[in-house]
Amino acid sequence: MTDDVLPDLDAGLTHLRSPGPRSTALHRLVISEVTKRDGRVFWLDVRNAATTYALYELAPHHRVLDCVRVARAFTAYQHHTLATRLARAVDGRTAMVVAPNCASLYRDDDVPDYEADDLYEATATLLAEVGRTFDVPVLATTDASDAPLPPAVAVDARVVECERTSQGLRYAAEDFETTVYVADGYWQTTIPYWVELFGVARDTERPADVGRPDVGAELTGWG
């Protein structure tokens, strides 16, 4: 059932476009991945996205989070420095890298406009290189209020869109779409779910019967 709710993360950079900075869209993906992987998770945090409440609420048990290592950045310069250190820390024992709100700090007033774009592109490039070099998933997020990924980095990133619906969070990518919404005690399916399961229903009416008055008379009792 999880395969119909959340996309799997491949090695390399995945760009999650989140419904908002406080959404649990990121946390759900991270918990899903760490339950399937062995190794350390490096979390480069911005705007307190690594809330223990959300993570513990979603984790099947607290031991799942023992592998998560969080470093928090409060300025763009700190963020870039931590990304550089992270690139040196990742190794074969790394399960994944998480970089929420990765564009946010580069729009703060303490970063001059002439420097912000270059610094942001350098950080995003570092994250993308980590995914390629070490063959691990790197999950970066932005929302509608953030700048997008730099074009040079975005061209090779897998994009996952997430939106809030009346049934829950809907994820969509080029190769994935949420087709089942799970809630306490029940799960809600969608038409694409059943189409994937059984295929498209076909019209079984015979073409020769279409428009024949005698057929209609027989069905309705007309004389």
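Data overview
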item: For region 1-44: rounded, prolate or oblate by the Cα gyration tensor [a/c cutoff 1.5]; result: oblate
item: Packing rank of 9-15, 98-104, 67-73, where each peptide gets the mean count of other beta carbons within 10 Å, highest leading; result: 98-104, 9-15, 67-73
item: Solvent accessible area, Å² - residue 163, 1.4 Å probe, full protein context; result: 90 Å²
item: Fully extended contour minus Cα-Cα distance, from residue 144 to residue 163, at 0.36 nm per residue; result: 5.7 nm
item: Total charge dipole magnitude, region 32-138, about the Cα centre, Cβ charges on Lys, Arg, Asp, Glu only, Debye to nearest 20; result: 680 debye
item: Surface share of carbon and sulfur [accessible, 1.4 angstrom probe, percent] for region 48-106; result: 52 percent
item: Spacing of the two label points (7 Å from each Cα toward its C-beta) at residue 125 and residue 48, in nm; result: 3.4 nm
item: Label-point separation in nm, residue 61 to residue 110, each point 7 Å along Cα→Cβ; result: 4.1 nm
item: Candidate residues 29, 82: accessible-area rank, largest first, probe 1.4 Å; result: 82, 29
item: Residues with amide H under 5 Å from that of residue 160, placed H, sequence gap 5 or more; result: 15, 16, 17
item: Cα→Cβ-extended label distance, 7 Å offset, between residue 134 and residue 152, nm; result: 2.2 nm
item: Bins of 10 Å, starting at 0 and running to the largest distance - Cα pair percent for region 50-145; result: 14, 43, 33, 9, 1
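The values are calculated or read from the model by the stated rules, or taken from the named source; none is laboratory data. Because the structure is a prediction, the values reported are computed rather than measured. When we count neighbours, we look across all protein chains shown, and the Cβ atoms used for this are built from the backbone with ideal geometry, even at glycine. These accessible areas exclude ligands, DNA and RNA; they are computed on the full protein's heavy atoms, side chains included. Shrake-Rupley method; radii C 1.70, N 1.55, O 1.52, S 1.80 Å.
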